[in-house]
């Protein structure tokens, strides 16, 4: 099956710093999403990005499908950015099933 | 807007007891629905998905079952809970008419003692 690897597994930042999270996947996919899991466990949709680049405020994401990786950029980090960031890739055609990576645990310190 | 409700939010159950977790979706018809589990640690694992009423596909062998009695209702059940069933259960829907993007409910946290 498809393998999804995220790096780094853990990241500690000072408030205001920038960071890049990486997601590698082992096969062609028809969907790629980035999520932020908040301290209460809720999964917040950040980007739906099977290819190309998108930006939303301080966050942006780029997926290079031909090279099987995606990057999530966080600029000017804030303490509220803390939590776990998941990359998930879609397979199974119209069934839209997602395989999740193991996540990056981000802690932003004031 | 399309909303996903999960109930109950938290649950503590003894080993061997039954389980029923409910997921209801508003604002859409005939959605693909999914049950995921997040055990201790971070990974989310797909347990079941459904493309319509009465249509259930299981992704992993386990002690749980799923049912879809109505278009917008997805239920996760067990006849006898195991300690290993503890975890955070998330229901999701796919926005199939536009994209394959998945949206998740707020989750149900189950502790089996």
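The values are calculated or read from the model by the stated rules, or taken from the named source; none is laboratory data. Just so it is clear, the model here is predicted, and its values are computed rather than measured. For neighbour counting, all protein chains shown are included, and Cβ atoms are generated from backbone atoms with ideal geometry for every residue, glycine included.
Annotation note: of B:54, B:100, B:107, B:27, the sole residue that is buried (at least 19 other Cβ atoms within 10 Å of the Cβ), on the phi > 0 side of the Ramachandran plot and in contact with a strand residue (DSSP E or B) (Cβ under 8 Å, 6 or more places away or on another chain) is B:107.
With respect to residue A:98, is the statement that it is in contact (Cβ under 8 Å) with a residue 24 or more places away in the chain, at the interface with chain B (Cβ under 9 Å from one of its Cβ atoms) and either over 13 Å from the mean Cα position of the chain (by Cα) or in a strand (DSSP E or B) (or both) true?
Working: in contact (Cβ under 8 Å) with a residue 24 or more places away in the chain: yes; at the interface with chain B (Cβ under 9 Å from one of its Cβ atoms): yes; either over 13 Å from the mean Cα position of the chain (by Cα) or in a strand (DSSP E or B) (or both): yes.
The answer is yes for residue A:98.
When segment B:98-111 is filtered for residues that are assigned to a strand (DSSP E or B) and within 9 Å of another protein chain (Cβ to nearest Cβ), the ones remaining, listed by number, are B:102, B:103, B:104, B:109.
Being in contact (Cβ under 8 Å) with a residue 40 or more places away in the chain, in a strand (DSSP E or B) and surrounded by 19 or more Cβ atoms within 10 Å (Cβ to Cβ): is that true of residue B:68 here? Walk me through how you get there before you give the answer.
Numbers: in contact (Cβ under 8 Å) with a residue 40 or more places away in the chain: no; in a strand (DSSP E or B): yes; surrounded by 19 or more Cβ atoms within 10 Å (Cβ to Cβ): yes.
Here the answer is no, as residue B:68 does not meet what is asked.
Kindly provide the set of residues from segment A:1-44 that are under 24 Å from residue A:80 (Cα atoms), surrounded by 17 or more Cβ atoms within 10 Å (Cβ to Cβ) and within 14 Å of chain B (Cβ to nearest Cβ), ordered by number.
Let us first name the residues in segment A:1-44 that are under 24 Å from residue A:80 (Cα atoms), namely A:6-23, A:32-44.
Checking the rest, the ones that are also surrounded by 17 or more Cβ atoms within 10 Å (Cβ to Cβ) come to A:6, A:11, A:13, A:19, A:21, A:23, A:32-37, A:41, A:43.
Listed by number, the residues that qualify are A:6, A:11, A:21, A:23, A:32, A:33, A:34, A:35, A:36, A:37, A:41, A:43.
Filtering A:77, A:60 for residues that are at pLDDT 95 or above, surrounded by 13 or more Cβ atoms within 10 Å (Cβ to Cβ), away from chain B (no Cβ under 12 Å) and assigned to a strand (DSSP E or B) leaves a single hit, A:60. For residue B:56, the criteria (1) closer than 26 Å to residue A:102 by Cβ; (2) more than 10 Å from the chain's Cα centre (by Cα) hold in every case but one, which is (1).
Look at segment B:71-89 and say how many of its residues are surrounded by fewer than 17 Cβ atoms within 10 Å (Cβ to Cβ), in contact (Cβ under 8 Å) with a residue 60 or more places away in the chain and not in a loop (DSSP other than H, G, I, E, B). Break it down stepwise before answering.
Initially, segment B:71-89 is screened for residues surrounded by fewer than 17 Cβ atoms within 10 Å (Cβ to Cβ), giving B:71, B:73, B:77, B:79-80, B:82-84.
Applying the additional criterion that residues be in contact (Cβ under 8 Å) with a residue 60 or more places away in the chain yields B:79-80, B:82-83.
Among the residues that remain, those that are also not in a loop (DSSP other than H, G, I, E, B) are: B:83.
Total meeting the criteria: 1.
Among the residues of segment B:55-97, what is the count of those that are more than 10 Å from chain A (Cβ to nearest Cβ) and under 21 Å from residue B:29 (Cα atoms)? Residues meeting the conditions: 15.
For (1) part of a strand (DSSP E or B); (2) touching a helix residue (DSSP H, G or I) at 6+ places or on another chain (Cβ under 9 Å); (3) touching a residue at least 12 places away in the same chain (Cβ under 8 Å), each residue gets a yes or a no:
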site	(1), (2), (3)
A:2	no, no, yes
A:13	yes, yes, yes
A:16	no, no, yes
A:28	no, yes, yes
A:88	yes, no, yes
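Scanning segment A:46-57 for residues being surrounded by fewer than 17 Cβ atoms within 10 Å (Cβ to Cβ) and in contact with a helix residue (DSSP H, G or I) (Cβ under 8 Å, 6 or more places away or on another chain) gives a total of 1. Check whether at least one residue in segment B:40-51 is farther than 24 Å from residue A:34 by Cα, part of a strand (DSSP E or B) and under 15 Å from the mean Cα position of the chain (by Cα), and report yes or no. The answer is no, given that none of the residues of segment B:40-51 is farther than 24 Å from residue A:34 by Cα, part of a strand (DSSP E or B) and under 15 Å from the mean Cα position of the chain (by Cα).
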